[in-house]
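Here the structure is laid out as structure tokens; the discussion comes afterwards.
Every read-out reported here was derived from the displayed coordinates using simple, explicitly stated rules and does not represent laboratory data. Predicted, not measured: the structure shown is a model, and the values here were computed from it. Quick reminder, even Gly has a Cβ in these numbers, built from the backbone with ideal geometry, and neighbours come from all protein chains shown.
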Amino acid sequence: MKEWYADSLSHLGNCFQNFGDFKNAECYMNQSLDLSVKIYGSCINTNVAATLTSLGLVASAEGKFDEAQQHFKESLDIYIKIFGTHEHVNVATTLCGLGNLARANGKFDGAQQYYKKSLAIYIKIFGTHEHVDVAATLNNLGQLAQAQEEFGEAHQYYTETLDIKLKMFGTSEHVDVATTLNNLRQLAQVQGKFDEAQQYYKESLDIKFKIFGTLEHVDIARTLGNLGSLARVQGKFDEAQQY
């Protein structure tokens with residue numbers, strides 16, 4: 001019964017976090033954390049580690065990067081002690097969280113190290129690159145490289161991500177494929193490669209139309225608007241007006 005109550009407190013905290021109410025989120029998560037430690041008589045428990053990770057996400061959302069890092073590192077230490085190895089999904093996921101935190105804090109070298117450690121663990125665990133977590137981590141590395149203006153490297157990571165998604169889904173007609181095409185579009189656009197950016201936009205638009213079966217969808221309207229903006233930047237005003 002007590003375990004159920006601790007879980008409920010944690011879930012409530014997550015709900016408040018999703019609504020952006022970080023004060024209540026932190027309150028319920030801390031209650032869950034305290035109760036879990038009392039129940040299990042130790043911090044070395046997966047529920048405790050998971051709650052610490054959640055607290056880290058809340059602190060990060062509030063811009064409390066040092067506090068967030070502390071929570072993530074405590075969670076990481078617990079997982080390693082429980083599993084006796086770094087080669088576990090929870091360890092890789094926590095490392096990825098530390099990478100996201102470092103990137104948000106402008107610590108790009110640290111972020112890259114965390115992402116690469118996470119990536120290596122995922123590949124070793126799953127025995128393949130064709131997994132959603134591998135694709136997500138490669139995408140993170142791509143965004144990191146783009147933030148550092150390492151455009152060639154970013155393109156390579158995004159392309160790898162796209163290839164994995166195409167193999168996983170067996171089709172280009174998937175929202176995640178369209179999302180990666182949009183990342184490639186952003187990368188092309190910041191480099192002034194407008195024709196290439198337009199091509200990615202059109203590929204993404206075609207996929208979304210096939211998925212939704214209609215032009216009357218907010219994502220399609222947004223993509224058309226972006227195509228218009230891109231045409232306007234190039235001085236193609238008649239084309240922009242059509243979009």
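With runs of 4+ DSSP H residues as the only contributors, calculate the mean residue ellipticity of the chain at 222 nm using -39,500 (n - 2.57) per run, divided by the residue total and rounded to the nearest 500.
Only helices count here, giving -27000 deg cm²/dmol.
So how far apart, in nm, are the two label points at residue 216 and residue 23 if each is 7 Å from Cα heading toward Cβ?
For residue 216 paired with residue 23, the spin-label model returns 4.3 nm.
Tell me, what does the Kirkwood hydrodynamic radius of the range 1-74 come to in angstroms if you use every pair of distinct C-alpha atoms?
11.9
For an R0 of 22 angstrom, estimate the FRET efficiency from the Cβ-Cβ distance between residue 125 and residue 147 and round to the nearest 0.05.
It comes to 0.20.
Can you tell me the order of 190-203, 228-241 when each peptide is scored by its average per-residue count of other Cβ atoms within 10 angstrom, highest first?
190-203, 228-241
Mind giving me the nanometre distance, one decimal, between the label points for residue 224 and residue 196, set 7 Å out from Cα along Cα→Cβ?
2.8
Taking the mean number of other Cβ atoms within 10 Å as a proxy for protection, how do you rank 65-71, 213-219, 105-111 from highest to lowest?
65-71, 105-111, 213-219
Among 98, 227, 138, which one shows the biggest mean-square fluctuation in a GNM of the chain, springs joining Cα atoms closer than 10 Å?
Result for the chain, Cα springs under 10 Å: 227 fluctuates most.
In whole Å and largest first, what semi-axes does the C-alpha gyration tensor of the chain yield when each eigenvalue is scaled by 5 and square-rooted?
Computed over the chain, the values are 39, 21, 17 Å.
For an R0 of 22 angstrom, estimate the FRET efficiency from the Cβ-Cβ distance between residue 86 and residue 39 and round to the nearest 0.05.
0.20
Once the Cα atoms of helix 108-126 and of the chain are each reduced to a long axis, what angle between those two axes, in degrees from 0 to 90 to the nearest 10, is obtained?
80
Under the rule of at least 5 residues apart or a separate chain, name every residue whose amide H is placed under 5 Å from the amide H of residue 45.
none
With θ set to phi - 60° and the Karplus curve 6.51 cos²θ - 1.76 cosθ + 1.60, what are the ³J(HN,Hα) couplings of the range 56-68 in order, to the nearest whole Hz, using x for Gly and Pro?
Values, residue by residue: x, 5, 5, 4, 5, 4, 8, x, 8, 5, 5, 5, 4 Hz.
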